[in-house]
Amino acid sequence: MQILEFADDEVVPIKELVELYDAVGWMLYVADPDGLARAVDRSTYVVTARDDGELVGLARVMSDDVSIMYLQDVLVRPSHHRQGIGTVLTTRCLERFDHVRQKVLLTDDEPGQAAFYTSLGYRNLNDLGPNRLNAFVQFRGLDDL
Ligand SMILES: CC(C)(COP(=O)(O)OP(=O)(O)OC[C@H]1O[C@@H](n2cnc3c(N)ncnc32)[C@H](O)[C@@H]1OP(=O)(O)O)[C@@H](O)C(=O)NCCC(=O)NCCS
């Protein structure tokens, strides 16, 4: 039986972080466990999901708590996909920063992720119509993604 628990700003041991990020194939993080731990530790807000004690999901946010809330990672163990866990993690982030004007993220251009973020109320810039908003990015290691 599933015993799902969600927690805010839990201090997650590095080993568990690496296992979770490895499970979704995010190898740039996995290759640098200390960097991963630092990134999670320095996030403004982190929410975790555990199933009977096992870390099965995590979402983290960078924010100034006024004008911008950047959702940096949302990840759920593949064994637990399509059970609503990603939705709960992201909804908690959105509720925590409800007062913030801009809620943005970057993600891979894949239909599943588009469906996921659309289901949570995010809109693709391309769907806002012409002459509305533009986005620019500088990305170190873009070819390694
Ligand atoms: C994206 C991700 C976080 C979704 O987590 P999840 O717990 O499986 O998502 P949910 O169960 O809450 O899905 C909510 C809705 O999003 C949509 N959705 C989610 N994954 C989908 C997929 N692979 N294909 C199509 N729609 C999808 C569906 O509408 C789904 O509702 P439904 O299951 O009732 O049809 C998860 O697939 C994941 O960890 N992927 C690897 C890491 C990643 O790419 N993260 C996002 C980029 S930061």
- Task: For residues that are surrounded by fewer than 18 Cβ atoms within 10 Å (Cβ to Cβ) and of a type in the set (Val, Ile, Thr), scanning just segment 53-99, find the one that is nearest to residue 13 (Cα to Cα).
- Result: 88
- Can you tell me which residue in segment 106-119 is surrounded by the most Cβ atoms within 10 Å (Cβ to Cβ), limited to those that are assigned to a loop (DSSP other than H, G, I, E, B) and more than 7 Å from the ligand (Cβ to nearest atom)? 106
- Item | Which numbered condition residue 126 fails, given (1) within 19 Å of residue 23 (Cβ to Cβ); (2) surrounded by fewer than 16 Cβ atoms within 10 Å (Cβ to Cβ); (3) not hydroxyl-bearing (Ser, Thr, Tyr) | (1)
- Message: If a residue must be touching a residue at least 12 places away in the same chain (Cβ under 8 Å) and either aromatic (Phe, Trp, Tyr) or more than 18 Å from residue 23 (Cβ to Cβ) (or both), how many such residues does segment 100-115 contain?
- Response: 7
- Is segment 130-145 home to any residue that is modelled with pLDDT of 95 or more, open to solvent by 60 Å² or more (accessible area, probe 1.4 Å), over 18 Å from residue 22 (Cβ atoms) and not in a helix (DSSP H, G or I)? no
- Message: Taking the criterion of being open to solvent by 40 Å² or more (accessible area, probe 1.4 Å), in contact with a Phe, Trp or Tyr (Cβ under 7 Å, 6 or more places away or on another chain) and of a type in the set (Ser, Thr, Tyr), would at least one residue in segment 39-52 satisfy it?
- Response: no
- Sort out which residues of segment 60-105 are part of a helix (DSSP H, G or I), near the ligand (Cβ under 8 Å from one of its atoms) and among the hydrophobic types (A, V, I, L, M, F, W, C), and write them in order of number. 85, 88, 89
- Residue list for segment 1-38, filter: part of a helix (DSSP H, G or I), away from the ligand (no atom under 14 Å from the Cβ), surrounded by 12 or more Cβ atoms within 10 Å (Cβ to Cβ) and acidic (Asp, Glu): 16
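The values are calculated or read from the model by the stated rules, or taken from the named source; none is laboratory data. Keep in mind it's a predicted model, so treat the numbers as computed, not measured. Note that each Cβ is placed from the backbone with ideal geometry, even for glycine, and that neighbours are counted across all protein chains shown. These accessible areas exclude ligands, DNA and RNA; they are computed on the full protein's heavy atoms, side chains included. Shrake-Rupley method; radii C 1.70, N 1.55, O 1.52, S 1.80 Å.
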